[in-house]
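J.: This structure is in structure tokens; I'll ask about it shortly.
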Amino acid sequence: MNSPTIADMERRPTAWQGVEMQKRIKRRYASERRFKALGLAAILMSAGFLAFLLIVMMSNGFRGFTQTELPLEIDFPAATGSASASQFEGQNGLANMQSMGLQDIVNNSIEIQYGADGKDLFSSGGWTAVGSEILNNPDMVEQKTIIYLPVDAALDVAYKSDGNEEAEARVEQLGDQLSTGFNWNFLISSDATDPMQVGIWGALKGSLITMFITLLLAFPVGVLAALYLEEYAPKNRITDLIEVSINNLAAVPSIIFGLLGLAVFLNLFGLPRSAALVGGLTLALMTMPVIVISGRNAVKSVPPSIREAALGIGASPLQVVFHHVLPLALPGILTGTIIGMARALGETAPLLMIGMRAFIATPPDGVTAPATVLPVQIFLWSDEVNRGFVEKTSAAIIVLLLFLLTMNALAIYLRNRFETRW
């Protein structure tokens, strides 16, 4: 029997050239299609959950930026007698308003227009809106005017959505007198017991002060630590232990840092409880490992040829680091820093541990003044029984999300602005 020649072997189809090969190719293409379908399904599922979250937050939170109002006619000349617009101009306007008995004037006007039970229709602090209108337009004290005041929280909920039977009956009784206006008070006020009077400015200002202290402490220390570990530190067991410790600190639960802040800053150093200074120090401890890790990765990504070229033209090692390496690593450092700050902005547990859950009715005026932050304010409002706080909680969440999106957008801009392509 003659053995097949090379030409016969080339003409004869093998397993890889025939049916078996086609089956393998089909299975490979089928597995690729399944993988693409799974990836697309995962993306659609993630987008669906995100869209559901945003839709729910926006639908509930949008009502938090509005308030239901009732018109109130006030005859200032009849109520005050000889009051003039000049009395309410300048710094003495508020004192003159208190001496005039503005709250009694408003309550009397409510009783005249809506009856003896009319005060139950309005928010308990609604008369302060009249004071704001007078300070903005003092001429109104010399004439009869109509001012729209926020209604009671139960009426507000019933008018916007579904309330209790008594509130819905009142809404039907008032009819077209009720209207909806933008709730400017929500943007310029602080916490309150009445959901119609609460605002986010106090918590937002506290968040800004706390984040400023966190950045002021964590950024320079984190960047300098990253430069030293990457450029100067000898490679031995001590530095290996430091690296492992930093990586472990970045994964430690945030409440542990709250316990550390409680033990060190409050109990040991005696710093004031519920102050932005203590919150910034605690969040700086939590953010610093993230900055060190991102800074080291950014410094490590700078090509060695940059260092060699700088040394070759006579630059000192310090000049190499701060004139060449650090500017090129800055985009990665800034991106990691802003992402770490965004994580710190959304933290609640460590701030609760150091007492930043106090009732703050006025915005903080310094780093040691009592303060709260947006996540803690959201937590406190979500625990309230009054249904009027539900939409305010969602509205505060929208503000927090906008704050986080702004910080992430800033990180993307800085990365694209300073990034150098090799």
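The values are calculated or read from the model by the stated rules, or taken from the named source; none is laboratory data. In this text the structure is predicted, and so the values were computed from the model without any measurement. Ideal geometry is used to build each Cβ from the backbone, glycine not excepted, and the neighbour counts take in all protein chains shown. When the accessible area is computed, the model is the full protein with side chains, heavy atoms only, and any ligands, DNA or RNA have been set aside. Shrake-Rupley method; radii C 1.70, N 1.55, O 1.52, S 1.80 Å.
J.: Could you compute the longest span of the chain free of trypsin sites (Lys or Arg not before Pro) located in DSSP loops and having at most 16 other Cβ atoms within 10 Å, not counting the site residues?
T.: No qualifying site falls inside 1-234, the longest such stretch.
J.: Rounded to whole Å and ordered largest first, report the semi-axes of the equivalent ellipsoid of region 31-81 derived from its Cα gyration tensor (root of 5λ).
T.: Result for region 31-81: semi-axes of 58, 6, 5 Å.
J.: Within the chain, how many lysine pairs that are 8 or more places apart, or on different chains, have C-alpha atoms less than 30 Å apart?
T.: Here the count comes out as 9.
J.: Could you check the spin-label model distance between ASP240 and LEU40? Points 7 Å from the Cα along Cα→Cβ, value in nm.
T.: 4.9 nm
J.: In nm, what is the difference between 0.36 nm times the number of residues separating LEU404 and GLN319 and their Cα-Cα distance?
T.: Here the segment from LEU404 to GLN319 would lengthen by 27.0 nm.
J.: Working from the pairwise distances between different alpha carbons, so that the mean of 1/r is found and then inverted, what is region 95-243's Kirkwood radius in Å?
T.: On the way: mean 1/r = 0.0502 Å⁻¹.
One over the average 1/r among Cα pairs gives 19.9 Å for region 95-243.
J.: For the chain, treating each Cα as an identical point scatterer without solvent, what Debye log10 I(q)/I(0) comes out at q = 0.07, 0.10 1/Å?
T.: Each listed q maps to, in turn, -0.57, -0.89.
J.: Which number comes out as Rg/Rh for region 136-213 once both Rg and the Kirkwood Rh are worked out on C-alpha atoms?
T.: Dividing the radius of gyration by the Kirkwood radius yields 1.11.
J.: Turning to a different aspect of this structure: If I model a spin label as a point 7 Å beyond the Cα along the Cα-Cβ vector, how far apart are those points for GLN22 and SER301 in nm?
T.: Those two pseudo-labels are separated by 4.9 nm.
J.: Right, next: In whole percent, how big is the carbon plus sulfur part of the accessible area of the chain, probe 1.4 Å, protein atoms only?
T.: Values: 14570 of 23750 Å².
Carbon and sulfur atoms account for 61 percent of the accessible area of the chain.
J.: Quick check on the chain: helices-only [θ] at 222 nm, where DSSP H runs of length 4 and up contribute -39,500 (n - 2.57) each and the sum goes over total residues. Nearest 500, please.
T.: One gets -19500 deg cm²/dmol as the mean residue ellipticity at 222 nm.
J.: When N counts the residues of region 319-422, how does its alpha-carbon radius of gyration compare numerically with 2.2 N^0.38 Å, as a ratio?
T.: Ratio of Cα Rg to 2.2 N^0.38 Å: 1.45.
J.: First select every other residue whose beta carbon is under 14 angstrom from the beta carbon of MET356; then total the charges, Lys and Arg +1, Asp and Glu -1.
T.: Once positives and negatives cancel, what remains is +1.
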